[in-house]
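The values are calculated or read from the model by the stated rules, or taken from the named source; none is laboratory data. Keep in mind the model is a prediction, meaning the values are calculated, not measured. Counting neighbours? That spans all protein chains shown, and the Cβs are built from the backbone with ideal geometry, glycine included.
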Amino acid sequence: MSLSSAAKHRLFGAILVLTPVLFLLLTEGALRFFAVGTDLGLVQRTIVRGREFYTINRMVGRRYFSRPGVAIPEPPDVLFPVRKSPRTKRVFCLGESTMAGFPYEYNATPASLLKDQLASLFPADTIEVINVGMSAIGSTVVRDLLTDLMPYEPDMFVIYIGHNEYYGVFGPGSSSPLAGSTWLTRLHLTLVRTRLYVLLQEAYNRAEGLVHTEQRAAEATLMEAMGNRTGIPYRGVVYSKGLEIFRENITAIIDEARGRDIPVLFSTLVENLSDQPPFLSVHSPAADAATQDAVRRLIDESIAAARRGDWVDASDALQRAALLDSSYASTRFLLGAAFLARGDSAGAAVEYRAARDLDALRFRASAELQHTLLAICAARSVPVARVDAAFAAASPGGITGHGLILEHLHPNVRGYALMAKTWAAAIREHGLLTSTGPAGTLLPDSVWERTAPITPFDVAIGAAKTAQLTSRWPFAPEQFRPAPTPTDTVTMIVSRALRDRTPWTRARYSVAEWYERRTEYDRARTEYCAIAKALPYSFQPLVRRADAFAAEGRTADAAAGYRQSIRVEENPYAHMKLGVLLLQNAEAAGAAAELEQGFAVDASLGGVLTSGEAAFGRSLLAYAYARNKQYAQAKEQARKALALQPGQREAAELLRRLP
């Protein structure tokens, strides 16, 4: 049966349309099959010592930060098992740099401290807290990440977001090419999941890099790279656009989680109110030049009065300036300081909040954005952890400042601990996780620091990174003093590690080794415990911790530590060291069994012991057999030691003396 001319025309048109689509699909399939191009999937699989885990892809930030030269933020390095047991509670933490834990790493982050609290609340369960926080992202990215996490059996989401709605990637005030365009951003986030699109994007960026050879933004902080120095006036067009995008994303996040029956806990935001002056003050459009001059004169008058200690005159001058132009952020901030000096905490809080809201460099969320979050969650019956109230209650006069915040908005270790405790209390209050056993309690304030554990190493990292951040725009040079030249050893090790980009674990091992050289074994063991907590599937820090017990002569604790390392990850070193301890206690048979097991494990791992380590182990095994009067086995092991290391004196001497 022949086709009509109309049918032929339609068929030809369909082929014309489908051919490029089919070509693109085949190209994408080939790229995936041959593993060509960058995988920007959020979750990947990995094998650790024969066990299969999921891991958060450290490259996922490239989905969002595509401009050449911009330093790409990475989510924290984390593993969680592919097979989730029925007694496991899996919590995903999403948000910006505060959720990531800046300027700290691993154990001092709010997600890690939350895990400690939840483990105390639900002692019968295995608690997994997976931190997917990243710097310089806003609610658009959190919405995208949450969608990708749905297949991985989440029990709940904890979300901290809002400070980056304007200058975070895709924000309406950012330097992103897609800034403020909702539909273009959604299209990009769809296409960037394909390898073909990523390859084309990378090719474009390389070409642009060849054309533009000027200094790149990678040398700047993310605040510099993403920020807009001209500012965003309060309740202007760009400001309103940011609120609109935030409202849309929060609603979409709630809808998606609710559609999968997964609880969500949002968190209110915290920032430095009393110790962070506005980054950029702008006059009201209605204020003419004469009004602006009058405001500046009154500010100067107030500063002079404050230097005399006359806070009444200072506040009076500032109130007159605010009447002339209530939109000038610096006036409101100074008025807050004057009220606080006069003992009027309530009045000071009002002015400090107004100064934050009027600050045209929107690195801190306004009260209106926070109220938007609370209103949406109240209307949808979604719980919110009131971290802002917790911080206010723990601050002098109820006004959050440097007591809990490092610079403009990132908490210090004490602040992160309070944040985690507030989240955990809200999870318990709203029944967001159910226990399979008896309920526990929140960690007391006197315990969390040891549980974490937090040490001078963490404090030094935080201080060094904060100094780096505040030495650049938008911070005023006079606002933050430069970090002093390090004088204590821990700070020097941290400073060198940050300069040389030394891995966190290696730097922490260096600190622990320094403590051991000083015979400060308790401090060394605390550092090893901190590493073991960050690397829960690795035997190495546990073996090193047991070594510190052995060096101190605490053999029973050392033996328990070696056995703990074996339970975490089978390894030859712990067996060998257990053999040494048993030999020292004249338990030759047990020593021989441990040493033999060590060599069996080494063989199963393909031979991880060096020839020197293996030769020493063989000589120990020969000695253990000799002590047990198993002379044939002793000779055999001594010969193996000499074959591995002909100069092994212990083995040669033993072989000479054996009957």
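What to note about this one:
- Filtering the stretch 229-255 to residues that are closer than 14 Å to I376 by Cβ and surrounded by 13 or more Cβ atoms within 10 Å (Cβ to Cβ) leaves L243, E244, I245, F246, R247, E248, N249, I250, T251, A252, I253, I254.
- Residue among P438, P453, P383, P444 that alone is within 30 Å of D522 (Cα to Cα) and in contact (Cβ under 8 Å) with a residue 12 or more places away in the chain: P453
- Test: E407 is under 18 Å from the mean Cα position of the chain (by Cα) and of a type in the set (D, E, K, R): yes
- Residue that is surrounded by the most Cβ atoms within 10 Å (Cβ to Cβ) [pool: residues in the stretch 397-435 that are closer than 20 Å to D344 by Cα and touching a residue at least 40 places away in the same chain (Cβ under 8 Å)]: T400
- Among the conditions (1) crowded, with 19+ Cβ neighbours inside 10 Å; (2) among the hydroxyl-bearing types (S, T, Y); (3) closer than 25 Å to P233 by Cβ, S315 misses just one, which is (3).
- When the stretch 163-188 is filtered for residues that are of a type in the set (D, E, K, R) and either more than 12 Å from T140 (Cα to Cα) or part of a helix (DSSP H, G or I) (or both), only R186 remains.
- Listed by position, the helices (runs of 4 or more DSSP H) enclosed by the stretch 289-373 that each have at least 1 residues that are within 30 Å of S175 (Cα to Cα) and among the β-branched types (V, I, T) are 329-341.
- Hits in the stretch 321-343 (condition: among the basic types (K, R) and within 16 Å of L361 (Cβ to Cβ)): R332
This table checks each residue for (1) small (G, A, S); (2) at pLDDT below 75.
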{"site": "E28", "(1), (2)": "no, yes"}
{"site": "R32", "(1), (2)": "no, yes"}
{"site": "A35", "(1), (2)": "yes, yes"}
{"site": "Q44", "(1), (2)": "no, no"}
{"site": "G50", "(1), (2)": "yes, no"}
{"site": "Y54", "(1), (2)": "no, no"}
{"site": "R62", "(1), (2)": "no, no"}
{"site": "F65", "(1), (2)": "no, no"}
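- Pairs with Cβ under 8 Å, 6+ apart, first in the stretch 565-587 and in a loop (DSSP other than H, G, I, E, B), second among the aliphatic types (A, V, I, L, M) and crowded, with 22+ Cβ neighbours inside 10 Å: N571/V543
- Cβ separations smaller than 7 Å between residues 6+ apart or across chains give the following pairs from the stretch 605-619 residues that are surrounded by fewer than 20 Cβ atoms within 10 Å (Cβ to Cβ) to residues that are assigned to a helix (DSSP H, G or I): V608/P572; V608/D602; S611/L644.
- Residues that are under 26 Å from A426 (Cβ atoms), buried (at least 16 other Cβ atoms within 10 Å of the Cβ) and among the small types (G, A, S), drawn from the stretch 346-393: A349, A365, S366, A385, A390, A392
Listed here are the residues, each with its yes/no results for (1) buried (at least 24 other Cβ atoms within 10 Å of the Cβ); (2) out of contact with any Gly (no Cβ under 9 Å at 6 or more places or on another chain); (3) closer than 27 Å to R90 by Cβ.
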{"residue": "G133", "(1), (2), (3)": "yes, no, yes"}
{"residue": "T140", "(1), (2), (3)": "yes, no, yes"}
{"residue": "P154", "(1), (2), (3)": "no, yes, yes"}
{"residue": "I159", "(1), (2), (3)": "yes, no, yes"}
{"residue": "G168", "(1), (2), (3)": "yes, no, yes"}
{"residue": "G171", "(1), (2), (3)": "yes, no, no"}
{"residue": "P177", "(1), (2), (3)": "no, yes, no"}
{"residue": "T182", "(1), (2), (3)": "no, yes, no"}
{"residue": "H188", "(1), (2), (3)": "no, yes, no"}
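- Any chance T455 is at pLDDT below 95 and crowded, with 17+ Cβ neighbours inside 10 Å: no
- Hits in the stretch 98-141 (condition: farther than 20 Å from L432 by Cα and β-branched (V, I, T)): T98, T109, I137, T140, V141
- Test: A614 is under 23 Å from R554 (Cα atoms) and among the hydrophobic types (A, V, I, L, M, F, W, C): no
- Among residues of the stretch 505-539, those that are without any contact (Cβ under 8 Å) to a residue 12 or more places away in the chain and in a helix (DSSP H, G or I), counted: 4
- Enumeration of residues in the stretch 308-324 that are more than 21 Å from Q276 (Cβ to Cβ) and within 43 Å of the chain's Cα centre (by Cα): Q319
- Against the criterion of being touching a Gly at 6+ places or on another chain (Cβ under 9 Å), in a loop (DSSP other than H, G, I, E, B) and among the polar types (S, T, N, Q), S112 does not qualify.
- Remark: D325 falls outside the filter, which requires a residue to be exposed (fewer than 15 other Cβ atoms within 10 Å of the Cβ) and of a type in the set (D, E, K, R).
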